[in-house]
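Remarks on the structure that follows.
The values are calculated or read from the model by the stated rules, or taken from the named source; none is laboratory data. No experiment lies behind these values; they were computed from the predicted model shown. Cβ atoms come from the backbone with ideal geometry, glycine included; neighbour counts cover every protein chain shown. Surface areas here come from the heavy atoms of the whole protein model, side chains and all, with no ligands, DNA or RNA. Shrake-Rupley method; radii C 1.70, N 1.55, O 1.52, S 1.80 Å.
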Amino acid sequence: MPSVNFTVKWPNGDRVQYYSPSTVIYEYLSIGQRYPSTQFLHQVENGLYAASERVRARYGFACSSAIDNLAMIKRQAKFFELSPEDQIEVIEMTKK
């Protein structure tokens with residue numbers, strides 16, 4: 001099952017790479033797209049849950065890495081104290 005590394009640019013300029021165990025993340029995020037923070041968090045949560053469920057369908061268990069990455073994204077969003085107007089940009093998505 002191909003996985004995807006995706007890099008986002010947070011409002012403070014930090015660039016961080018995350019992991020999805022499935023290419024289904026492409027249905028939720030797009031390269032070059034800037035998302036309002038609440039929309040980004042909604043999209044990435046849905047995408048990583050969908051990716052984890054694809055792993056479950058194929059191997060019989062959910063992907064803990066997808067859920068760990070989601071938790072990391074949520075922690076960073078809380079750390080940055082994002083407002084709804086803050087923009088998060090997806091700058092790269094690479095299939096592995």
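Counting only residues that are surrounded by fewer than 17 Cβ atoms within 10 Å (Cβ to Cβ), out of contact with any Asp or Glu (no Cβ under 6 Å at 6 or more places or on another chain) and farther than 14 Å from N69 by Cβ, how many does region 34-46 have?
So the answer is 4.
Of all residues in region 58-81, which are over 11 Å from the mean Cα position of the chain (by Cα), part of a helix (DSSP H, G or I) and over 15 Å from S3 (Cβ atoms)?
Result: R75, Q76, A77, K78, F79.
Would you please name the residue that is most open to solvent (accessible area, probe 1.4 Å), looking only at residues in region 4-33 that are touching a helix residue (DSSP H, G or I) at 6+ places or on another chain (Cβ under 6 Å) and assigned to a strand (DSSP E or B)?
So the residue we want is Y19.
Please count how many residues of region 35-63 are in contact (Cβ under 8 Å) with a residue 12 or more places away in the chain and more than 20 Å from K78 (Cβ to Cβ).
7
Which one of these does P84 not meet: (1) touching a strand residue (DSSP E or B) at 6+ places or on another chain (Cβ under 7 Å); (2) in a helix (DSSP H, G or I)?
Of the numbered conditions (1) touching a strand residue (DSSP E or B) at 6+ places or on another chain (Cβ under 7 Å); (2) in a helix (DSSP H, G or I), the odd one out for P84 is (2).
Might you check whether a residue that is over 16 Å from Y19 (Cβ atoms) and of a type in the set (K, R) occurs anywhere in region 59-74?
no
Is it the case, given these coordinates, that Y49 is open to solvent by 80 Å² or more (accessible area, probe 1.4 Å), outside any loop (DSSP other than H, G, I, E, B) and among the hydroxyl-bearing types (S, T, Y)?
yes
Can P84 be described as modelled with pLDDT under 95 and either under 13 Å from N5 (Cβ atoms) or surrounded by fewer than 16 Cβ atoms within 10 Å (Cβ to Cβ) (or both)?
Judged against the criteria, P84 is a match.
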